[in-house]
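One structure is given here, and the rest of the page talks about it.
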Amino acid sequence: MDIIHLLDLIGTFVFAISGIRVAARNDMDIFGASVVGFVTAIGGGTVRDLLLNNHPITWMADITYPLVILAAVPFTFVMGKKLNDFSKTLFIFDTIGIALFTIIGMEKALSFGLSPFIAGLMGMISAVVGGIIRDVLCREIPLIFRKEIYATACLAGAVIFYVGLELNLPDNLNYLITTAFIITIRTVSIKRNWSLPKMKKA
């Protein structure tokens, strides 16, 4: 297992935790929380693979992903509110997760011969659609539509990643630069309370 795959699994685990915690705040039972955790972790990749007509779907071809998600359920249940003490750590791994999902989605789209613009969108879809599905299932307005610089950070990271490809940077260096860039954007935007301008009411 290479470091990218390992970090991808960690990102999947943290995404699942985020879904389970939102479900818990909405008084769902363990089964409901498991479903929400599952779609949060693999929703984006599934939609991407369906749009690309890529079969089998990634998580269906690698049983490790469902097992990691299932492991997040008892972990979150046992830890409960103690996870609040690790909010900064979870934030870092969540951000690493969206960076890697962006990169993996973009690479997959480029391997299908799609344009860099569409590949960037596929990377963003990989990173954010799971969270959108999570919020919709929990009857909330999706976070990325109203508050944080999230999807925008993914798109900006996709641009940086493609520039690295054009410059023929070594893969690991390009992954590192892109991930660091997305982490920086998200961290600074949250600390400074940055957000995109809101639409004026008609």
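The values are calculated or read from the model by the stated rules, or taken from the named source; none is laboratory data. All of these numbers come straight from a predicted model, not from anything done at the bench. Because the Cβ atoms are built from the backbone with ideal geometry, glycine has one as well, and the counts that use them run over all protein chains shown. Protein only, heavy atoms only, side chains kept; ligands, DNA and RNA dropped before computing areas. Shrake-Rupley method; radii C 1.70, N 1.55, O 1.52, S 1.80 Å.
Working only within the range 70-89, note down all residues that are open to solvent by less than 30 Å² (accessible area, probe 1.4 Å) and either among the aliphatic types (A, V, I, L, M) or more than 20 Å from Ala33 (Cα to Cα) (or both). Of everything in the range 70-89, those that are open to solvent by less than 30 Å² (accessible area, probe 1.4 Å) and either among the aliphatic types (A, V, I, L, M) or more than 20 Å from Ala33 (Cα to Cα) (or both) turn out to be Ala72, Val73, Leu83.
Tell me, please, whether a residue that is among the polar types (S, T, N, Q), at pLDDT below 95, part of a loop (DSSP other than H, G, I, E, B) and over 15 Å from the mean Cα position of the chain (by Cα) can be found in the range 78-89. Within the range 78-89, not a single residue is among the polar types (S, T, N, Q), at pLDDT below 95, part of a loop (DSSP other than H, G, I, E, B) and over 15 Å from the mean Cα position of the chain (by Cα).
Taking the range 185-202 as the range and being in a helix (DSSP H, G or I) and surrounded by 10 or more Cβ atoms within 10 Å (Cβ to Cβ) as the test, the residues that pass are Ile185, Arg186, Thr187, Val188, Ser189, Ile190.
Looking across the range 1-41, the residues that are closer than 16 Å to Ile133 by Cβ, assigned to a helix (DSSP H, G or I) and open to solvent by 20 Å² or more (accessible area, probe 1.4 Å) come down to Ser18, Arg21, Ser34, Val35, Phe38, Val39.
Screening the candidates Gly120, Gly131 for the property of being open to solvent by less than 90 Å² (accessible area, probe 1.4 Å), in a helix (DSSP H, G or I) and within 17 Å of Asp94 (Cβ to Cβ) yields one hit, Gly131. In the condition set (1) surrounded by fewer than 16 Cβ atoms within 10 Å (Cβ to Cβ); (2) over 18 Å from the mean Cα position of the chain (by Cα); (3) of a type outside the set (S, T, N, Q), Ile92 is compliant with all but (2). The residues listed here are Leu67, Leu100, Leu114, Leu137; of these, the one that is closer than 28 Å to Ser189 by Cα, surrounded by fewer than 20 Cβ atoms within 10 Å (Cβ to Cβ) and aliphatic (A, V, I, L, M) is Leu137.
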